[in-house]
Amino acid sequence: MSAAVRGNDETVLAQTLDWLRQGRRVALLTVLGTYGASPRPPGALAAIRDDGVICGSVSGGCVEDDLRREIAEGGVFGPGPATWVRSFGASVEERQRYRLPCGNSLRVAVETAPDPAQLEALLAAVRQRRCLWRRVDYQDGAAYLLNEGPADAFAEDETGFSCCTARAGGC
């Protein structure tokens with residue numbers, strides 16, 4: 001694993017924890033999948049604070065402005081699911097709007113109530129370069145930490161996604 005990738009995950013997790021400790025609301029973003037070339041692989045992390053300040057990246061800058069605007073406007077922190085999935089680039093118009101590379105698309109999970117205790121455990125695992133699996137369920141938005149997970153470092157099915165903290169790319 002490269003230091004730059006590990007550093008990004010470490011930075012995003014540490015900043016998210018810091019913001020939560022300050023009493024801020026924070027959305028934790030995870031790249032779920034890409035079609036075509038992408039600057040960020042599945043499992044890559046970013047965080048957006050309730051006022052739109054961002055740490056990390058899920059697209060190299062293509063979609064972050066839209067996500068910042070949505071989050072800063074506050075609608076994502078109200079009642080409703082704690083985790084939702086947002087797709088970008090599903091149509092030609094969206095690919096042009098977000099300036100995604102030709103023919104590409106991106107799916108991102110947005111968690112609006114990350115658990116600080118879980119984030120602390122994830123941060124410790126990243127710093128120790130050990131795999132700690134994180135499972136996020138789409139139906140109830142709950143996240144779970146597990147010592148074991150799928151054979152691949154990142155996996156998604158219709159019920160949620162799982163990824164290992166020690167994998168190249170994030171989560």
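Couple of notes before you dig in:
- Rounded to the nearest whole Hz, the Karplus-based 3J(HN,Hα) values (6.51 cos²θ - 1.76 cosθ + 1.60, θ = phi - 60°) of segment 107-116 follow the sequence 10, 10, 8, 10, 9, 9, 9, x, 7, x, with x at glycine and proline.
- Sorted peptide list for 141-154, 46-59, 21-34, 120-133, criterion being average Cβ within 10 angstrom, highest first: 46-59, 21-34, 120-133, 141-154
- Straightening the chain between Gln22 and Trp84 buys 19.9 nm, computed as 0.36 nm per residue apart minus the Cα-Cα spacing.
- A cut-off under 15 angstrom between Cβ atoms defines the neighbours of Ile48, and their net charge, with Lys, Arg +1 and Asp, Glu -1, is -2.
- Label zone of Asp66 (point 7 Å out along Cα→Cβ, amide N under 20 Å): in segment 111-129 this covers 111-112.
No value in this document is a laboratory result; all are computed from the given coordinates. Quantities reported herein were computed from a predicted structural model and do not represent experimental measurements. Cβ atoms come from the backbone with ideal geometry, glycine included; neighbour counts cover every protein chain shown.
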